[in-house]
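What follows draws every value from the coordinates through simple rules; no lab data is involved. What you see is a predicted model, and the numbers here were worked out from it, not measured in a lab. Positions of Cβ are backbone-derived with ideal geometry, glycine not excepted, and every protein chain shown enters the neighbour counts.
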Amino acid sequence: MDSNGKSPKRPKGVVIQNQATKSGKIRALFSEGYPRADIARYLKVSYQHVYNVLTAPPPKGSLS
C-alpha cells in the first residue's frame, strides 16, 4: 500500500495490453482506478470522449 492507504495501480501499459479498442482501454484503465483526465492524456483523446465511453450503457454482448 502507498501512503494514502490505497493499493498501487498496475502500470497503464499492462492494464490495456489485451484491449483491442480504445473504448476497451478506457474502461480497463477506469476500472483500475485511473482518473478520467489521466486516461484522456495517456490515450491522447479528449476528456469528453472518455466521459462519453464511461457514461454510455455497456455494449451489447459485454460481460458487464
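Here are a few things to note about the model shown:
- Per-residue Cβ neighbour counts within 10 Å put Tyr42, Tyr47 in the sequence Tyr47, Tyr42, beginning with the fewest.
- Take the Cα of Thr21, step 7 Å toward its Cβ, do the same at Tyr47, and the gap between the two points is 2.5 nm.
- Net length gained if the chain between Lys9 and Ser31 were fully extended (0.36 nm per residue, minus Cα distance): 6.9 nm
- Exposure proxy shown here: for Lys60, Lys9, the number of other Cβ atoms within 10 Å sets the order, fewest to most, as Lys60, Lys9.
- Net +/- balance of residues flanking Val53 in space, Cβ distance below 12 Å, scoring K and R +1, D and E -1: +4
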